[in-house]
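Here's the structure we're looking at; comments come further down.
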Amino acid sequence: MGYNYLREKNIQLVAVQAKVSIDDYKSEDSFKKMIENIMEKVFFRLEANIPTLVVFPEDIGTMTVLINEKTSNVNISLKTAIKNVIYRNLPELFLLKIRYL
């Protein structure tokens, strides 16, 4: 049994390769603005009246774990920011690890 949900003969496919920074993950608003900015750029390149699928990298939202995290230095790398989040939450992470072994 097959499924054919696509009734249109043509579809536009947009694959996004976003250049992101730690600033894009500082708050929900900054993440939302980043996505909206990307979508605005996509929108102006589309042909009207043709269905469109916009595909983001599977890990675009991974760094949202940094949302609302305080950093003393705004110029730190993403790698350092993640390390800082892990170290601040290490006891809780350790307990979860033990619990689900």
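The values are calculated or read from the model by the stated rules, or taken from the named source; none is laboratory data. Since the structure is predicted, the reported quantities are computational estimates derived from the model, not experimental observations. Here Cβ is always computed from backbone atoms with ideal geometry, including for glycine, and neighbour counts include all displayed protein chains. Accessible surface areas use protein heavy atoms only, side chains included; no ligands, DNA or RNA. Shrake-Rupley method; radii C 1.70, N 1.55, O 1.52, S 1.80 Å.
Listing for the model above:
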{"read-out": "Residue within segment 85-99 that is under 28 Å from Lys33 (Cβ atoms), at pLDDT below 80 and open to solvent by 60 Å² or more (accessible area, probe 1.4 Å) present", "value": "no"}
{"read-out": "Residue in segment 66-73 that is assigned to a loop (DSSP other than H, G, I, E, B) and modelled with pLDDT of 90 or more present", "value": "no"}
{"read-out": "Which listed residue, of Glu47, Glu28, is over 21 Å from the mean Cα position of the chain (by Cα), acidic (Asp, Glu) and at pLDDT 80 or above", "value": "Glu47"}
{"read-out": "Count - residues of segment 18-51 that are over 24 Å from Asn84 (Cβ atoms) and touching a Phe, Trp or Tyr at 6+ places or on another chain (Cβ under 9 Å)", "value": "2"}
{"read-out": "Failed condition for Thr62, given (1) surrounded by 12 or more Cβ atoms within 10 Å (Cβ to Cβ); (2) at pLDDT below 85", "value": "(1)"}
{"read-out": "Pairs, first over 17 Å from Val54 (Cα atoms) in segment 10-27, second surrounded by fewer than 12 Cβ atoms within 10 Å (Cβ to Cβ), C-beta under 9 Å, six or more apart", "value": "Ile22/Val74; Ile22/Asn75; Ile22/Ser77; Asp23/Val74; Lys26/Asn68; Lys26/Val74; Ser27/Asn68"}
{"read-out": "Within segment 12-25, tally of residues that are at pLDDT below 90 and open to solvent by 90 Å² or more (accessible area, probe 1.4 Å)", "value": "1"}
